[in-house]
1. Can you find, within region 216-251, the residue that is surrounded by the fewest Cβ atoms within 10 Å (Cβ to Cβ) among those that are in contact (Cβ under 8 Å) with a residue 24 or more places away in the chain and of a type in the set (Ser, Thr, Tyr)?
2. Would region 236-246 turn up any residue that is of a type in the set (A, V, I, L, M), assigned to a helix (DSSP H, G or I) and within 23 Å of residue 323 (Cα to Cα)?
3. From the residues in region 346-358 that are touching a residue at least 40 places away in the same chain (Cβ under 8 Å) and crowded, with 21+ Cβ neighbours inside 10 Å, which one is farthest from residue 333 (Cα to Cα)?
4. Is it the case, given these coordinates, that residue 333 is over 19 Å from residue 135 (Cα atoms) and either crowded, with 17+ Cβ neighbours inside 10 Å or in contact with a helix residue (DSSP H, G or I) (Cβ under 8 Å, 6 or more places away or on another chain) (or both)?
5. Only one of (1) touching a residue at least 40 places away in the same chain (Cβ under 8 Å); (2) under 18 Å from residue 264 (Cα atoms) is not met by residue 323, so which one is it?
6. With the checklist (1) in a helix (DSSP H, G or I); (2) at pLDDT below 90; (3) closer than 19 Å to residue 380 by Cβ in hand, flag the one item residue 150 doesn't pass.
7. Could you grab the pairs with beta carbons closer than 8 Å, sequence gap of 6+ or different chains, first residue in region 391-415 and not hydrophobic (A, V, I, L, M, F, W, C), second one not in a helix (DSSP H, G or I)?
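The values are calculated or read from the model by the stated rules, or taken from the named source; none is laboratory data. Everything numeric in this text was worked out from a predicted model, so none of it was measured. Glycine also receives a Cβ, built like all others from the backbone with ideal geometry; neighbour counts cover every protein chain displayed.
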Amino acid sequence: MGANAILQERMGELGVTQDELADLCNQALLEITGRPGDMSSRTIRNLLSGATRRPIGRTCAALERVFGCPVADLGFSAPSTMKAPEDPLRRRDFIAATTGTAVATAVPIGRQRRSVGMTDVQRASAGMNKLVEADDRLGGHRGLAATAIGGRAKILELQQRNASESVRRALYGLAAEYTTIAAWACIDLRDLDTAQHHLHESTTFAGLSQDAATGMRVWINVAMLAYQRRNWPEQLAAAQAASASKAARTDAFFNSMGRVRLALAHSSLGDPQAAQRALDAAQNTFSKAPDVDRPRWTAFYGPAELNHLAAIILNHSGESAEAEAMAHRALAAIPPDFQRNRALATCQLALAQLRQGEPEQATGTATTIFQIMNGAPLPGRMRTLIGDFHRDLLRLAPTTTYARDWADRMRDEWSQGA
């Protein structure tokens, strides 16, 4: 008598413990017969150890429903009553006979969709990571948002199948991630009403997932949306929620992420002292963050992004020289293929130079934005920043040749990206 390695492997693929598999089997029996099962972790131990090689009919029916395959494929010998032809009516007769309950509406086991396991979660995560990489390169666009919502639909379909508690939480986390990607794409596009709708949904999914990092991501996006709407009190409240979250309390990396959002909110509210304190804390905390594996979406946040955000905060606070220095630091570290992020940091650099009374230099800097994007559509958020620069430039140097050249170039690029 030896251990059942096949069942052990299938449990690993499903991502369930012995207790969880027993619960899933009891749930399956409830669905099949209308009566709850009485399987326990001891039942599963006996199946795994090889003490039970030929499970009784009820156990076989539950295992087939959970794993979506015959018990023979799980390393067991089926009882003789289960070796009859796979006619649906005879199958129901068998179930009724093994339970003592007439089940006129039971669905044949062979027609049931298989249970969902960690392999399915990993496969769905890989698809989500590809969307994150696409956003890193070019920013939000309609195709990205639509693909993210399509990915979420597949996740929610998986939720309709049997799954352990840990797998179900992971699926809700993925639903939140996909929905947040769609929301972020809409923020980048400045389709703010649609972004708000997606964020409401992702907040619900994040809560159901009970995953700290996922909840942190949602709060960050809520703060960013409020910033785009110029709703400064809501931006501050969301940043405070991010800073008080479990992720921020337990990981210096997320703590820094929350604090820099606080700094942005204080700068928006016109409180440069509070903004500087929060920015200093974000920088100090980040230096203490351990180098550990984190979700793929966090890859954007590092020294380059922190310096970029510092440039925004300092520009808001009227510290243009310091903002210029931070923008230069950011651009020195942002990878060339992160076109959107490099272009946004270049916007901050141009604004900082313009506000120091250097309109010609600033115009030269701003013109490189179009070179960086290399014909790719300009996200709505970037268009807003370029529009701010354009208005300030024409106010400071409306009749200069470089300002007129800039206006012509901007009109051409604007129409191409529309």
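1. Among residues in region 216-251 that are in contact (Cβ under 8 Å) with a residue 24 or more places away in the chain and of a type in the set (Ser, Thr, Tyr), the one surrounded by the fewest Cβ atoms within 10 Å (Cβ to Cβ) is 250.
2. Yes: region 236-246 contains one or more residues that are of a type in the set (A, V, I, L, M), assigned to a helix (DSSP H, G or I) and within 23 Å of residue 323 (Cα to Cα).
3. It comes out as 354.
4. no
5. Only one criterion in (1) touching a residue at least 40 places away in the same chain (Cβ under 8 Å); (2) under 18 Å from residue 264 (Cα atoms) is unmet by residue 323, namely (1).
6. Only one criterion in (1) in a helix (DSSP H, G or I); (2) at pLDDT below 90; (3) closer than 19 Å to residue 380 by Cβ is unmet by residue 150, namely (3).
7. That search, which allows pairs on different chains as well, returns 392/355; 413/378.
To keep it simple, each residue is scored yes or no on (1) touching a residue at least 12 places away in the same chain (Cβ under 8 Å); (2) of a type in the set (Gly, Ala, Ser); (3) assigned to a helix (DSSP H, G or I).
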site	(1), (2), (3)
3	yes, yes, no
16	yes, no, no
21	yes, no, yes
25	yes, no, yes
29	yes, no, yes
37	yes, yes, no
43	yes, no, yes
51	yes, yes, no
55	yes, no, no
